[in-house]
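The values are calculated or read from the model by the stated rules, or taken from the named source; none is laboratory data. Computed from a predicted structure; not experimentally measured. A quick note on method: Cβ atoms are made from the backbone with ideal geometry, for glycine too, and the neighbour counts reach across all protein chains shown.
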């Protein structure tokens, strides 16, 4: 789950106008800024989806993340929530380790992560979806893979078994602060214009 | 299932699991929309336990606490443990319940529908609809074989007729597909297979919606003057949903409704046309009861009284009560009950708690009897009122509005008598 708190502020005359608008249109301003930032986030994730999604995978990670974006007003701002497993890991980075919970396949606590090997038909899948997998380990390097036999009987490595997996933070999965500020300000201008036009 | 955290997860968790032998086509032809929308089902899937676990797992996914691959693995393993095997020749196809194609479709569709609802709901706000009064259907995800949305859109537009829709004419395969939010084109069957105002509008569709600002909507002649759309009614607001069952197989409709117990009622509407009414799940009433102390005037239906209870209520007030009349609770009534009877110190009475109010549907379905409310129970209320006197000591009074328009039986007050002090009522 990834949460983004948007607090709109500014300096000078524009900042003063924004503050006044916030005072007079508080709840409405929060809703509008929230929706503008949510829409910006959706557009951004969809753009990433079209460039980063690998064909052949059933699930488009970033497109699904875009569908998950919702906004809600909070006091003096808005909260954008993206309840999508894996997105926070990409944004903040971090190290993933086995949870130790019981494996669906072996019935024993999980001690290794199974990372699908590209181009082997394992991407987007778990070892539980394959029949008859076995571990092949190298005594010398200590490296291990989960392998299976193809229809012709050939052994094929499908997953690399690792103790942990470290991911660098990738701030590009979300728009920049400046983009959020611009989207929020633009929406506020539209709200102000429509409000004034109504008088 | 732990309580879902997000709007999308709550939406999915509120659905009732229904096992069925019907195909997708049979479901769309013979199950009324109100029932379909409130159900978690998969065509030709009879394993209710498997469906319930799948629903719980996708609910976790919506809360960001599970991944789709893990859910798919569990679905396949469960089906295998149940002894399921696809029919010969159907292995790997959409009709094979354990295939990648089928399991992925179930997860993707349930996820997209619930997400679509959450986004749609967050946009039902006057200020949001002022800034973005219109929306555009656009291709958000690439598809190998895209549907002909231009033909579908223009067909719906023509069917609605010039002057009855704000929809633009789609000049190319990419549209523009723009109309005011709330325009009937968004639910038109040519555009929208499911009839819900949020996407997806068809199976595995890569089309999504995005807002169109007021200034742009005017340029496209979609918004005229200040005719901004109003926020739409939230289908999760705790009220009853109903839809026509005309032309549908009565036995099939009744069998599906039976899975909902007191939450669904099949009845004859105006002109004797069969209809189905569906009450929200217990979570809606619980939310009203638990949230009453923080104010508001929310209302939610508990469900429908049994036929014999309706007869007793009718006899008590001296007029018939329509079968689709729900029992409902409002936050104001809960506040009244807790204020007047929540700190009860009178001899012979127990203080009433929110937990007691939550049990109202269970209490009125149990042993006891309905009678007309006494003047003391009615208080200043001048309409029809009935009281359920439970053998277990609870007395629950209701206001009855039993006419054709919006009939309802609304909780008025409640108190609990100790066994030894209970009068022979």
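Worth pointing out:
- The lone criterion from (1) part of a helix (DSSP H, G or I); (2) surrounded by fewer than 18 Cβ atoms within 10 Å (Cβ to Cβ); (3) modelled with pLDDT of 95 or more left unmet by residue B:35 is number (2).
- Residue check for residue B:37: within 13 Å of chain A (Cβ to nearest Cβ) and over 22 Å from residue B:96 (Cα atoms): no
- The selection criterion, being free of Cβ contacts under 8 Å to residues at least 60 places away in the same chain, part of a helix (DSSP H, G or I), within 12 Å of chain A (Cβ to nearest Cβ) and crowded, with 20+ Cβ neighbours inside 10 Å, holds for residue B:72.
- Here is the figure for the range B:99-144: residues that are at the interface with chain A (Cβ under 10 Å from one of its Cβ atoms), part of a loop (DSSP other than H, G, I, E, B) and free of Cβ contacts under 8 Å to residues at least 24 places away in the same chain total 1.
Conditions (1) assigned to a helix (DSSP H, G or I); (2) at the interface with another protein chain (Cβ under 10 Å from one of its Cβ atoms); (3) under 25 Å from residue B:126 (Cβ atoms), marked per residue:
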residue	(1), (2), (3)
A:47	yes, no, no
A:55	no, yes, no
A:59	no, yes, no
A:73	no, yes, yes
A:81	no, yes, yes
A:85	no, yes, no
A:91	yes, no, no
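Conditions (1) outside the structural domain of residue B:176 (by TED's automatic domain parsing); (2) in contact (Cβ under 8 Å) with a residue 12 or more places away in the chain; (3) surrounded by 20 or more Cβ atoms within 10 Å (Cβ to Cβ), marked per residue:
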{"site": "B:206", "(1), (2), (3)": "no, yes, no"}
{"site": "B:216", "(1), (2), (3)": "no, yes, no"}
{"site": "B:222", "(1), (2), (3)": "no, yes, yes"}
{"site": "B:234", "(1), (2), (3)": "yes, yes, no"}
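- If you go through the range A:33-63 and keep only what is in contact (Cβ under 8 Å) with a residue 12 or more places away in the chain and out of contact with any helix residue (DSSP H, G or I) (no Cβ under 9 Å at 6 or more places or on another chain), you end up with A:54, A:56, A:57.
- Where residue B:284 falls short, out of the listed (1) in contact with a helix residue (DSSP H, G or I) (Cβ under 7 Å, 6 or more places away or on another chain); (2) crowded, with 19+ Cβ neighbours inside 10 Å: (1)
- Among (1) closer than 14 Å to residue B:256 by Cβ; (2) modelled with pLDDT under 95, the one test that residue B:16 misses: (2)
- Candidate set from the range B:130-149 (those that are closer than 24 Å to residue B:224 by Cβ and touching a strand residue (DSSP E or B) at 6+ places or on another chain (Cβ under 9 Å)); member that is surrounded by the fewest Cβ atoms within 10 Å (Cβ to Cβ): B:138
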